[in-house]
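The structure under discussion appears below in the form of structure tokens.
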Amino acid sequence: MKRAALRWYSTLFGSVRAAQPTRSLPFGEVPVGEAVEDGYVDVIATHADGTIAVLGWSKSLETFHRALSLTVAGVRLEPTHVFRVHRPDLAAVFGREATFFGAAVEWIASPRNTEETATLQAGGRVIASFTAPPADEPAYPHLRNERRVLHRQDIYSSGPPIPEASIAVLELTRHLPGPVLDFGCGAGALVRALRSEGVDAYGLELDDERIRQHLLDDTRPWVTLYDGRLPTPFRDGQFRSVCCSEVIEHLPDPVAAVEELARLASERLVVTVPDMSAIPRGYHHGIVPWHLLEATHLNFFTQSSLESLLTPIASKIEMARFGQVKCDHVSYFTNLAAVVHR
């Protein structure tokens, strides 16, 4: 007997010279260009996770970081990290041994909902005054400065089901002929969103204590909790449409799962999975989307393999991708979607 998967998710800059007025920093980097003792500050960088960094170069890392101080909202912060950076461009000035003369100092500011005035000093001299942007508490904040040696389960583990429906998945399902079943509905977020738009929507999920705790109250009457065995407790063709979003990558037998989806849906299926083509796209830039490595993933799909899996139950398949990410000069999608016509 096969078990259906929980939809259970674990759910990473500007500057001015002192003579200029205070200004806001967007997330990114803007030149500073100020000499400090035994070195130079090139840029200030602010990041969405609350980190504020000074990047430059110096022959003496200790001298560089001790010369700098940062205050945010009048509070002086203690440096979180001080480290060298590879700067091969400095070799032309200082010789080949200078390739790691790049210097960086990082501070972690507290989460804040508003902009705050920040001041960077070097040796008691103000070299930049700027407005640090708001910063939310990031996901996995402990990964910035955790002192323990972590293990895989500390990062790629499980967390509560998501409370809001994916906009992309909602767009794929809101015009499906009803009744619609969300197979592996998690907390019932998609069921709630569809029903709010007048769609006759229902959910199916494992009878698990974690699901019972997080199931959205306004979806409980429409969600069936069961023991995970196939076939599921519905009759053949009970639903005109079935959505199975981010589920079959968790199942030990995806073929059996797809056959069950086909048994339940008389007209249409929407199936979404993580898109593994993001890995070769980002490989040369060192980018791997976090969700692709989630601990309970058993199956890994390309567009071709997902189409092949669904072809035996389909008269027509329309493929889509969503979750587009753009980072520097890299662009990729995190998710595949298939709209299957029976």
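The values are calculated or read from the model by the stated rules, or taken from the named source; none is laboratory data. Computed from a predicted structure; not experimentally measured. Here the Cβ is made from the backbone with ideal geometry for all residues, glycine too, and neighbour counts use every protein chain on show.
Looking across the range 165-177, the residues that are assigned to a loop (DSSP other than H, G, I, E, B) and either outside the structural domain of Arg268 (by TED's automatic domain parsing) or surrounded by 15 or more Cβ atoms within 10 Å (Cβ to Cβ) (or both) come down to Ala165, Ser166, Arg174, Leu176. Among the residues of the range 257-277, those that are of a type outside the set (D, E, K, R) and either over 30 Å from the mean Cα position of the chain (by Cα) or under 19 Å from Ala201 (Cβ atoms) (or both) comprise Leu261, Ala262, Leu264, Ala265, Ser266, Leu269, Val270, Val271, Thr272. Residues considered: Pro231, Pro254. Of these, the only one that is modelled with pLDDT of 95 or more, closer than 21 Å to Lys316 by Cα, in the same structural domain as Glu171 (by TED's automatic domain parsing) and not hydrophobic (A, V, I, L, M, F, W, C) is Pro254. Scanning the range 35-87 for residues that are of a type in the set (S, T, N, Q) and either part of a strand (DSSP E or B) or within 13 Å of Ala128 (Cα to Cα) (or both) gives Thr46, Thr51, Ser58, Ser69, Thr71. Contact map, the range 137-155: first residue assigned by TED's automatic domain parsing to the domain that holds Arg112 and within 17 Å of Ser110 (Cβ to Cβ), second residue modelled with pLDDT of 85 or more and assigned to a loop (DSSP other than H, G, I, E, B), Cβ cut-off under 7 Å, separation 6 or more or different chains; pairs are Glu137/Pro111; Pro138/Asp49; Pro138/Gly50; Arg144/Asp49; Asn145/Thr80.
With respect to Val340, is the statement that it is closer than 17 Å to Glu249 by Cβ and either touching a Gly at 6+ places or on another chain (Cβ under 9 Å) or surrounded by 17 or more Cβ atoms within 10 Å (Cβ to Cβ) (or both) true? Judged against the criteria, Val340 is a match.
Out of Glu307, Glu249, which single residue is closer than 30 Å to Asp200 by Cβ, in contact with a His (Cβ under 7 Å, 6 or more places away or on another chain), part of a helix (DSSP H, G or I) and among the acidic types (Asp, Glu)?
Numbers: Glu307 fails: in contact with a His (Cβ under 7 Å, 6 or more places away or on another chain).
After applying the criteria, what remains is Glu249.
Residue check: Thr80 meets all listed conditions (1) among the polar types (S, T, N, Q); (2) out of contact with any Asp or Glu (no Cβ under 8 Å at 6 or more places or on another chain); (3) modelled with pLDDT of 85 or more but one, namely (2). Residues in the range 93-130 that are under 15 Å from Val75 (Cβ atoms), assigned to a strand (DSSP E or B) and either touching a Phe, Trp or Tyr at 6+ places or on another chain (Cβ under 9 Å) or of a type in the set (Val, Ile, Thr) (or both): Ile108, Thr117, Ala118, Thr119, Leu120.
Kindly indicate whether any position in the range 136-148 is of a type in the set (A, V, I, L, M, F, W, C), modelled with pLDDT of 90 or more and not in a loop (DSSP other than H, G, I, E, B). Reasoning before the result, please.
So in the range 136-148, the residues of a type in the set (A, V, I, L, M, F, W, C) come out as 139, 143.
After this cut, where a residue has to be modelled with pLDDT of 90 or more as well, the list is none.
No, every residue in the range 136-148 fails to be of a type in the set (A, V, I, L, M, F, W, C), modelled with pLDDT of 90 or more and not in a loop (DSSP other than H, G, I, E, B).
Being crowded, with 17+ Cβ neighbours inside 10 Å, over 15 Å from Leu204 (Cα atoms) and in contact with a helix residue (DSSP H, G or I) (Cβ under 7 Å, 6 or more places away or on another chain) is a property that Val242 lacks.
Under the condition of being in contact with a helix residue (DSSP H, G or I) (Cβ under 8 Å, 6 or more places away or on another chain) and basic (Lys, Arg), which residue from the range 78-137 is surrounded by the most Cβ atoms within 10 Å (Cβ to Cβ)? Per the stated criteria, the residue is Arg87.
Going by what's in this entry, would Leu206 be described as within 27 Å of Ser266 (Cβ to Cβ) and touching a Lys or Arg at 6+ places or on another chain (Cβ under 7 Å)?
On the way: within 27 Å of Ser266 (Cβ to Cβ): yes; touching a Lys or Arg at 6+ places or on another chain (Cβ under 7 Å): no.
Answer is no for this residue.
No other residue among Ala295, Ala314, Ala320 is in the same structural domain as Asp253 (by TED's automatic domain parsing) and closer than 14 Å to Val258 by Cβ apart from Ala314.
Among residues of the range 205-225 that are modelled with pLDDT of 95 or more, those with a beta-carbon under 9 Å from a residue that is basic (Lys, Arg) and in a helix (DSSP H, G or I) at least six positions away or on a different chain give the pairs Trp222/Arg192; Trp222/Arg195; Leu225/Arg212.
Taking the numbered list (1) within 25 Å of Arg342 (Cβ to Cβ); (2) in a helix (DSSP H, G or I); (3) more than 22 Å from the chain's Cα centre (by Cα) in turn, Gln213 passes all entries but (1).
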